[in-house]
Amino acid sequence: MPKLRIKVDRDLCIGAASCVTVAPIYFALNSDNKAYPKEPGLPDEPTVHERVIEVSDSEKEAILLAAQSCPTLAIFIHDEETGEQIFPSV
Ligand code: SF4
């Protein structure tokens, strides 16, 4: 299963919550109205803005859709093994 590094740039995040709507099991808003990544089955860590999680192909798709929905492109997705930036594409 691929491992993804999911990072929310808090300076770019405007709290629009599209990511939370699209993929609520992977993203939530903290009390500062900034998104943070979540890992199903693990406790929420609202102060953590970056997380590495192992995902299936369909889970990867859901996370990518959430990143694509962000109006400010505040979500960055990297392949943890290759280091390649998957989204936004470079
Ligand atoms: S969609 Fe983007 S701006 Fe909106 S909460 Fe998620 S990361 Fe922040």
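Descriptive notes on the structure:
- The mean sequence separation of alpha-carbon pairs under 8 Å and at least six residues apart, normalised by the residue count of region 3-87, gives a relative contact order of 39 percent.
- Environment charge of residue 44, counting only residues whose C-beta is closer than 15 Å and scoring Lys/Arg +1, Asp/Glu -1: -1
- The reciprocal of the average 1/r between distinct C-alpha atoms defines the Kirkwood hydrodynamic radius, which for region 3-87 equals 12.5 Å.
- Each Lys and Arg contributes +1 and each Asp and Glu -1, all at the Cβ; summed about the Cα centre of region 3-87, the dipole is approximately 260 debye.
- Histogrammed with a bin width of 5 Å, the alpha carbon distances of region 1-47 distribute as 5, 23, 31, 26, 11, 3, 1 percent, first bin at zero.
- The angle separating the long axis of helix 57-69 from the principal Cα axis of greatest extent in the chain is about 40 degrees.
No lab work stands behind these numbers, since they all come straight from the coordinates. Everything numeric here is computed off the predicted structure, so don't read it as measured data. Cβ atoms come from the backbone with ideal geometry, glycine included; neighbour counts cover every protein chain shown.
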